[in-house]
Amino acid sequence: MSNDMNKTNDVMLDIKNLVVEFKTEDETVQAINGIDLKINKGKTHGLVGETGAGKTTTALSILNLVPFPAEKPTAGTIELDGVHLYKTNEKGECVPALTEKDYQSIRGEKVAMIFQDPMTALNPIFTVGDQIAESVRLHQNVDQAKAMERAREMLELVGIPAKRADDYPHQFSGGMKQRVVIAMALACNPSLLIADEPTTALDVTIQAQVLEMMRGLRDKFGTSVLMITHDLGIIAEMCDEVSVMYAGRIVEYGNLEDIFDNTRHPYTQGLFNSLPNIEDRKAELKPIRGLMPNPADLPKGCAFCPRCDYAMEICKTVRPERKWLSETHCVECHLYDDGKDVSKL
Amino acid sequence: MNAANTRKIPKKKSQAYEIWRRFKKNKTAMAALIVLSLIILSTLCADFIWDYQKDACSINIKNRLQHPSWEHPLGTDELGRDMLCRLVYGARASLTVGILGTSFALLVGGTLGAIGGYYGGKLDNLIMRCTDVLLAIPGLLLCIAIMSAFKSNVFYISLSLGISYISKFTRIVRSSILSVRDQEYVEAARAIGASDFSIITKHVLMNCMAPIFVQYALAIGSRILSVSTLSYIGMGIQAPTPDWGNMLSGARAFIRGNTYLVMGPGVALLLTISSFNLIGDGLRDAMDPRLKK
Amino acid sequence: MANETKRDILLDVQHLKKYFNVAGGQLHAVDDVSFTLERGKTLGIVGESGCGKSTTGRAILRLIEPTSGSVYFEGQDISKLSKEEMRKLRKEIQIIFQDPFSSLNPRQTVSQTIEEPLKIHGMKNKAERQARVRELMETVGLAERLANAYPHELDGGRRQRIGIARALAMNPKFIVCDEPVSALDVSIQAQILNLMKDIQRKHGITYIFITHDLSVVNHFSDDIAVMYLGRMVEKAPAEALFEEPLHPYTKALLSAIPVPNIHSKKERILLKGEVTSPINPPKACRFASRCEYATDKCRCEEPELIEVKPDHFVACHLLKKE
Amino acid sequence: MIPVVIAVIFLVYGIMHMTPGDPVAVMLGADATPELIQETREALGITDPFLVQFANYVKNLFTGHFGTSWYTGRDVSERLFAAIPYTIKLSLLAMLVALVLSIPMGVLAAVKHNSLGDYTISIFAMIGVSAPTFWVGTMLMLLCSLGWGILPSAYDGTWKSYVLPTITQGFNMLASVTRTQRSSMLEVLSADYIRTARAKGVSNFSATYKHALRNAIIPSITVAGLNFGTLIGGAVAIETVFAIPGVGRLMIDSIKLHDTPTVIGCMVFVSVMVSVINLLVDLLYALIDPRIKAQYLKGGKK
C-alpha cells in the first residue's frame, strides 16, 4: 500500500506501559496500571479477567474512546500497525498522537469493535442496513446505493438474509443483533477487531454459532483479533496467545500451552481451580478466597497478595516485575524472582 | 475464635443518610433549601412584628403608593399597606394552600395509583381511564371551573388545586409501584411467607418513596404557581387577605411609575417556586444511584 | 416398581403447566412438566433463556400460580393449599434468586433481611432472633461487622450470601436455586457453589438448581433435566446425561460448551433453523424446526417423556424404550 | 379520543351544574313575573333532570350548538367562535416558538455539559418553569411597552401585538422542554449505541446530531404534549394581561357574569384542543420511533 511495505513489521498492535486513571472528586480509580500488550498480524490475542480488571478500558484506549472522567490514558504509548496512536511527550505525559479526524478514520476502518450487549449496541431508530452502510460510507468513497449493497452482502456473510437490511433492530433476536454488530464491525475489512465479551449475553447454542462464524470470517480475512472475555473456554477455542489481567495489570502472558498447561501465576491457577471441570464432576472446586481489591485503593505491593496462598513478606510491599520464563511466557510474581523452579505449586 | 475481641459492629448508615449526604453537596439545592427555610421562618415570626388585621388588611389611604424607604422597605401598595408585611403574610396563604392542595392530591392520587399499580387488572384500567379524562382538562381551567362553583376559601382552593393534580400523582405512584412490584425482593418477601400488608408497606411503598418525594416538592411549587394565577384573575384568595397573586392583580392599574409594586410579589413567587423546583431536582439527583459512580 | 418404594420422595411434580396470556395468544412457558425428586438430592434444570426453567421453579413454590398440575411435597398436594396454609409451609420450602442486586430490599440492613423470616414465622424473642441471625451469618461466611450494612454497600458475592442466609433461616427442607451464581465472577462463583454444597451436606437440604451453565450444573447436581421451550426433553443422572446424551437438543447443547482445555478437540453440532414461537405452539416436537433428524412425525405429533433406559427419560420420537 | 372528550364534557358539565345562582333571575332582571320566570326556565331546559340536560347538550354539540348563553340570550357559539381564532393562533404560535427554541437550547446545554452556556441555559430554564406567566407578561410589558415603547402593551390587531403574548405564553413550555431535552440528551449521549457509532468512525458531530438527537427528542415531545394543557391554561391570565379577546378572556368574563353555558363551551373547546394535540403527539412518536410504529401497525391489523 505505502512505502512502509518494505519494513518487516508484523506487529499489529503494540501497547506499552499503558496507565488509565479515572479521577473523581473523592478518589482516583486506577483502571489500568501499566500494561504491555502486543498482537502480531493475523493472530488472536485473548484478554481474560474478571469484572473490573480493566479489560474494556484497555479496548477503549485503543479507539481513543475512554469515557469521562479519564478521556485519555495517563501514561504509555499505543502503536497500531506502525502508526502511533498515543505518544509520550517531554514531560512523560501521554498525549494523543493524531487529530480527532485521524482517529475517526482509524475507527471502523483499521480497528473495529464489537460490544458486549447486542441489545443496546444498535441505534433503535435506524434500519440495520443503514447502520452498516453508514460505516461503509464513512470510510469508502461510495454512494448510498453501493453502501447498501455492501451492507446486504455483509448481512449474508454473517448468516442473515439480505432482505432483512430494511428491518429495525427491535425486530431481531439477541443473537441476530450480535451478528448485525459483527457485520457492521467487519464491513470495512478492519485489520484489528476488538471483541469485548461478544457472546456473554447470548445462549450457549447461539454462542457456538456466533463464535464459529467469527472464526470463519477471521480466517477468511486474516484479521487480527483482541478477544476480551472472562471465559477460559472461549480463549481455548479462539486464541493464539493469552494475557491474564488482574486489577489493571497483566499478571501472566503466554501462548495457549503456556497458560493452560504451564500455569504459573497463582491468580491464573485460582481461576482454573474455580471452574467446574466438565469431565470430572466430582472434582472439588478450589476458589480464590476473598474479593477483588478496590481499584481506588490498591495494595502497595502485588495487587493479588491479599488473596494469594503463597504470599510472602515481599509481596506486601514491592510490586513484582515482569519475569520471562521462556520466550513466549512471562509472569508478574515474586515466586519466580530467583528463577526458582516452582512448577509444582 | 477470640471471644475477648471487642466486637465492633458499625452503625447503620441508612439510605436517607446517604441521600442527605449527596444532597448536601449540591450547592444550588442547598441554597434553595436555605431560602425556603427563611421564607417559612419569616411567616412564622410575622405575628411578632406586625399586627395582621392592622398592618396587612386595613386600608390607609394617606400612605398609598409610597416608594421603598426605611420605614417601608418595599414601599406601600395602592391602599397604603406595607408591602413587606403583606408579602410575608402572602407567603403564609400561598404556602398553606400549596401544601394542603399537594397533600390532598398525594393522598387521593397516591392511593388510587397504589391500588391500580399493585392489583392491576380491570380496576387499574378504570383508574387509568379516569386520569386520562382529568389530564385532558388543563389543570388551571379545572381549578377555575371548580372555584366558580364553590366559595373562595382555603378549603375549596386547596381542594381545587388538589383535584387538578390528582392524575399526576396517580400516574407517578402507579408507575413506581409497577417498577418495584416486579423486583425480586418483593418476590423474596412472598417466598418467606410475608403477608400482603407487610409486603405492600415494608417492601413496596418504602421503595417507592423516592420519586414520590421528588414529585411532592415539585408539585408544591406548581400548586403555588396555580394559586397565584387563580388569585390574579380573582378566583383564588380574595382581598383583603394578602396573597402574591391578588397583590399583583391589585397593582395592575398602578404599575406605570410604580414598578416596585410588581417586583416584590413577583420575585417572592419566583424564589419560592424555584426553591421547591431546585429542591426537587436536588433530591432526584441525590437519589439517582447512577450518580454514585 | 419395588425400587420406587425404597426411595424417599420429597417432591413430586405432576403435569405442571403455566400459560401466560400475551398479545397474540397464550405463551406456553411451562407445558406439562413432571418429575420426582428424592430427599437430599439435587436436580439441575438447564436450558436456554425462555425455556421456562425459572417459571417452573416459581410455579412449584407457587410464587406464580400454576395454570394446572399438582405439586406433592412430602405427599401433600401444595397446589391445593389455601393462601394461609401456603404461607405457613413457606418455612419448609425456600428460594435463592439469580440477581443479588434486585433480590434484596435496599432499605433493609443485612440483619433485618435475615431476621424477617424469623419474625414472620413466630420467633418472638428478640435476643433469640439475633442469636440466630449471628449464627446464620457465620454459616454463610458473612463477617459480623456487616450486620448493619445495607446491600448497596456490598459486592455481589456477599449479597448472594445474604440471600442464602435468608433462605436458610427457618431450616427449610427444600430450596429452589434460580441461577444463584450466574451474575457472579468465576472466583466468587466457586466460593458460593462450595458454600451451597457444604450447607446441603450439613443440613440434608434438597435442591432444585436452575441454571443455563452446563458445567456448573454438572458439578452440582445428581440428576439433570433439560428443558426446551416449556417442555422437559431429557432427564437423567448427571453422569449418564453427560456421557451419553440422547436427545438431539441435549447433544447440541453439550457440544456447544466451550471447554477450558486446549487438548479436548470435540465435534461441535451447530443448530440451524428458527426457534419455534412459544406462543400457541403447534402440536409437534418443539425442537423439530432446528433438528437435523426431524421426520414428518416430529412435525405433527408431540413426543412424550419416556424412560428409555433406567432413570434416563427422553422425549423424542427417534428413541424407543430398550 | 371521543369517549375521553365526552367524559370531559360530562365532568365539566357536572361541576358547572353545581354553580350557585339562578340564571333566569340574571337574565330577566328583578321585575320579572313568576310566570315569565317559569316559562323561561322551561325554555332553557334547566328544569329537566341532570342527565337529560347533559344528553341534550351533547346531542346539540354535534350540530355545532353550544346552548343558549344566559347573558346574551343567543347561542354560545356566536361569541365562542369569534374568540377561538385568537386563542388558536396565539397558542400554536407560542408552542411553535417554544419548540423551535427549546430543542437547540437543550441540545446545546447537554453537549456543552457543565460549561458556562449550560449553566446559563439551566438558570434561564429554571426561571421559566418557576415564574408565573402573568408576572412574566407584566414584566415584559413594563420593559418593552412602557419602558422602551417598542411593542404595544395591548392587542391591537397588528403582528407586533402578538410578540409579547407569544413569548409570555410559550415561556413555560420553552423552559420545560429545554430541561427535558437537556437531560434526555445527556442520557442518550452515554448510551451504548452512541459508543458503537463512535467506534465505527462516526464523527462527534454526526454522533450527536444524527444518532443521538432523534432518540433524545422523544421525551421532549411527550413533555411538550403534556405541557400544552398548561400553555393553553395560561391563556386565561395572558389574555387578561394583554387584553386579547380570546377564549380565556371570554371564560373569565362569563364566570363573573354567571353565564354557565358559555363557560362550559369554553372548557369544551379547550379540552378538545388538548386532546387533538395529544393525538398529534402520538402520531409524531410513530413517525420518529419505529418501535412505536410497529405497535400501531400491529394494533391496526386486529
Please state which of the following conditions residue C:198 fails to meet, knowing it meets all the rest: (1) under 13 Å from residue C:253 (Cα atoms); (2) open to solvent by 10 Å² or more (accessible area, probe 1.4 Å).
-> (1)
Of (1) closer than 27 Å to residue C:273 by Cβ; (2) out of contact with any Gly (no Cβ under 6 Å at 6 or more places or on another chain), residue A:149 fails just (1)
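Just for the range A:13-25: of the residues that are open to solvent by 50 Å² or more (accessible area, probe 1.4 Å) and in contact (Cβ under 8 Å) with a residue 40 or more places away in the chain, which one is farthest from residue A:88 (Cα to Cα)? Break it down stepwise before answering.
Restricting attention to the range A:13-25, the residues satisfying the condition of being open to solvent by 50 Å² or more (accessible area, probe 1.4 Å) are A:16-17, A:23-25.
Those left that are additionally in contact (Cβ under 8 Å) with a residue 40 or more places away in the chain: A:16-17, A:23-24.
Working: A:16: 11, A:17: 11, A:23: 20, A:24: 24 Å.
My answer is A:24.
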Identify, by number, the condition in (1) farther than 23 Å from residue D:254 by Cβ; (2) outside any helix (DSSP H, G or I); (3) within 28 Å of the chain's Cα centre (by Cα) that residue D:71 doesn't meet.
-> (1)
If you go through the range A:220-229 one residue at a time, do you hit one that is within 12 Å of chain C (Cβ to nearest Cβ) and open to solvent by 40 Å² or more (accessible area, probe 1.4 Å)?
-> no
If residue C:263 satisfies every condition in (1) of a type outside the set (D, E, K, R); (2) more than 14 Å from chain A (Cβ to nearest Cβ); (3) open to solvent by 60 Å² or more (accessible area, probe 1.4 Å) but one, which is the exception?
-> (2)
Does any residue in the range B:163-190 that is under 17 Å from residue C:107 (Cβ atoms) come within less than 9 Å, Cβ to Cβ, of a residue that is among the aromatic types (Phe, Trp, Tyr) and surrounded by fewer than 22 Cβ atoms within 10 Å (Cβ to Cβ) six or more places away or on a different chain, and which pairs are these?
-> B:177/B:118; B:181/B:118; B:184/C:101
When residue B:267 is evaluated against the numbered criteria (1) modelled with pLDDT of 90 or more; (2) in a loop (DSSP other than H, G, I, E, B), which criterion, by number, is the only one it fails?
-> (2)
State which residue is most open to solvent (accessible area, probe 1.4 Å) when the search covers only the range A:184-218 and only residues that are within 8 Å of another protein chain (Cβ to nearest Cβ) and among the charged types (D, E, K, R).
-> A:212
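Yes/no per residue for (1) within 14 Å of chain C (Cβ to nearest Cβ); (2) open to solvent by less than 40 Å² (accessible area, probe 1.4 Å); (3) modelled with pLDDT under 85; (4) touching a Pro at 6+ places or on another chain (Cβ under 8 Å):
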{"residue": "B:2", "(1), (2), (3), (4)": "yes, no, yes, no"}
{"residue": "B:6", "(1), (2), (3), (4)": "yes, no, yes, no"}
{"residue": "B:77", "(1), (2), (3), (4)": "no, yes, yes, no"}
{"residue": "B:90", "(1), (2), (3), (4)": "no, yes, no, yes"}
{"residue": "B:100", "(1), (2), (3), (4)": "no, no, no, no"}
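Go over the candidates A:290, A:339 one by one and state the one that is assigned to a loop (DSSP other than H, G, I, E, B), under 23 Å from residue C:141 (Cα atoms), of a type outside the set (Asp, Glu) and modelled with pLDDT under 90.
Values: A:339 fails: under 23 Å from residue C:141 (Cα atoms).
Matching residue, one of A:290, A:339: A:290.
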Give me the pairs: first residue in the range C:191-209 and more than 9 Å from chain A (Cβ to nearest Cβ), second residue assigned to a loop (DSSP other than H, G, I, E, B) and among the hydrophobic types (A, V, I, L, M, F, W, C), beta-carbon distance under 7 Å, and six or more apart or on different chains, which are they?
-> C:195/C:140; C:199/C:205
What are the residue pairs meeting all of these: first residue in the range A:158-175, first residue farther than 24 Å from residue A:218 by Cβ, second residue charged (D, E, K, R) and at pLDDT 90 or above, Cβ atoms under 7 Å, and 6 or more apart or on different chains?
-> A:169/A:177
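Taking the range C:135-149 only, how many residues are buried (at least 22 other Cβ atoms within 10 Å of the Cβ) and either within 11 Å of chain B (Cβ to nearest Cβ) or not in a loop (DSSP other than H, G, I, E, B) (or both)? I'd like the intermediate steps shown before the answer.
Narrowing the range C:135-149 to residues buried (at least 22 other Cβ atoms within 10 Å of the Cβ): C:136, C:140, C:142.
Next, only the ones that are either within 11 Å of chain B (Cβ to nearest Cβ) or not in a loop (DSSP other than H, G, I, E, B) (or both) stay: C:136.
Number of matching residues: 1.
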Consider residue B:179 against the criteria (1) among the hydroxyl-bearing types (Ser, Thr, Tyr); (2) surrounded by fewer than 24 Cβ atoms within 10 Å (Cβ to Cβ); (3) at the interface with another protein chain (Cβ under 10 Å from one of its Cβ atoms): it satisfies all of them except one. Which criterion is unmet?
-> (3)
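Go through the range D:229-275 and count every residue that is acidic (Asp, Glu), open to solvent by less than 10 Å² (accessible area, probe 1.4 Å) and modelled with pLDDT of 85 or more.
Taking the range D:229-275 as the starting set, the residues that turn out to be acidic (Asp, Glu) are D:239, D:253, D:259.
Still in the list and also open to solvent by less than 10 Å² (accessible area, probe 1.4 Å): D:239, D:259.
Next, only the ones that are modelled with pLDDT of 85 or more stay: D:239.
Counting residues in the range D:229-275 that are acidic (Asp, Glu), open to solvent by less than 10 Å² (accessible area, probe 1.4 Å) and modelled with pLDDT of 85 or more gives 1.
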Select, from B:265, B:242, the only residue that is within 10 Å of chain D (Cβ to nearest Cβ), under 22 Å from residue D:139 (Cβ atoms) and of a type outside the set (A, V, I, L, M, F, W, C).
-> B:265
Is there any pair with a first residue in the range C:54-73 that is touching a residue at least 40 places away in the same chain (Cβ under 8 Å) and a second that is of a type in the set (A, V, I, L, M) and part of a loop (DSSP other than H, G, I, E, B) whose Cβ atoms are under 6 Å apart and which are 6 or more apart or on different chains, and what are they?
-> C:58/C:64
What's the number of the condition residue B:279 fails, among (1) in a loop (DSSP other than H, G, I, E, B); (2) open to solvent by 10 Å² or more (accessible area, probe 1.4 Å)?
-> (1)
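So, residue C:182, is that one open to solvent by 10 Å² or more (accessible area, probe 1.4 Å), closer than 19 Å to residue C:96 by Cα and of a type in the set (Gly, Ala, Ser) or not?
Values: open to solvent by 10 Å² or more (accessible area, probe 1.4 Å): yes; closer than 19 Å to residue C:96 by Cα: yes; of a type in the set (Gly, Ala, Ser): yes.
Spelling it out, residue C:182 is indeed open to solvent by 10 Å² or more (accessible area, probe 1.4 Å), closer than 19 Å to residue C:96 by Cα and of a type in the set (Gly, Ala, Ser).
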Regarding residue D:226, is this residue aliphatic (A, V, I, L, M), over 23 Å from the mean Cα position of the chain (by Cα) and open to solvent by 10 Å² or more (accessible area, probe 1.4 Å)?
-> no
Which condition number does residue A:271 fail, the rest of (1) part of a helix (DSSP H, G or I); (2) among the hydrophobic types (A, V, I, L, M, F, W, C); (3) without any contact (Cβ under 8 Å) to a residue 40 or more places away in the chain being met?
-> (3)
Hey, among B:131, B:170, B:111, which residue is more than 10 Å from every other protein chain (Cβ to nearest Cβ), surrounded by 24 or more Cβ atoms within 10 Å (Cβ to Cβ) and either in contact with a Cys (Cβ under 6 Å, 6 or more places away or on another chain) or farther than 13 Å from residue B:223 by Cβ (or both)?
-> B:170
Among all residue pairs at least 6 apart or on different chains, which show Cβ distances below 7 Å where the first residue, located in the range D:88-104, is touching a residue at least 40 places away in the same chain (Cβ under 8 Å) and the second is among the aromatic types (Phe, Trp, Tyr) and buried (at least 21 other Cβ atoms within 10 Å of the Cβ)?
-> D:95/D:228
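Confirm whether residue C:166 is open to solvent by 30 Å² or more (accessible area, probe 1.4 Å) and part of a helix (DSSP H, G or I). Please lay out each step first, then the result.
Numbers: open to solvent by 30 Å² or more (accessible area, probe 1.4 Å): no; part of a helix (DSSP H, G or I): yes.
Answer is no for this residue.
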Residue A:234 meets each of (1) hydrophobic (A, V, I, L, M, F, W, C); (2) more than 8 Å from every other protein chain (Cβ to nearest Cβ); (3) buried (at least 22 other Cβ atoms within 10 Å of the Cβ) with one exception, condition (2)
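If you check residue A:279 against the conditions, is it in a loop (DSSP other than H, G, I, E, B), more than 7 Å from every other protein chain (Cβ to nearest Cβ) and either in contact with a strand residue (DSSP E or B) (Cβ under 7 Å, 6 or more places away or on another chain) or open to solvent by 10 Å² or more (accessible area, probe 1.4 Å) (or both)?
Numbers: in a loop (DSSP other than H, G, I, E, B): yes; more than 7 Å from every other protein chain (Cβ to nearest Cβ): yes; either in contact with a strand residue (DSSP E or B) (Cβ under 7 Å, 6 or more places away or on another chain) or open to solvent by 10 Å² or more (accessible area, probe 1.4 Å) (or both): yes.
Judged against the criteria, residue A:279 is a match.
The values are calculated or read from the model by the stated rules, or taken from the named source; none is laboratory data. All values reported here derive from a predicted model rather than from experimental measurement. Reconstructed Cβ throughout: ideal geometry from the backbone, glycine too, with neighbour counts over all protein chains shown. The accessibility values were calculated without ligands, DNA or RNA, using every heavy atom of the protein model including side chains. Shrake-Rupley method; radii C 1.70, N 1.55, O 1.52, S 1.80 Å.
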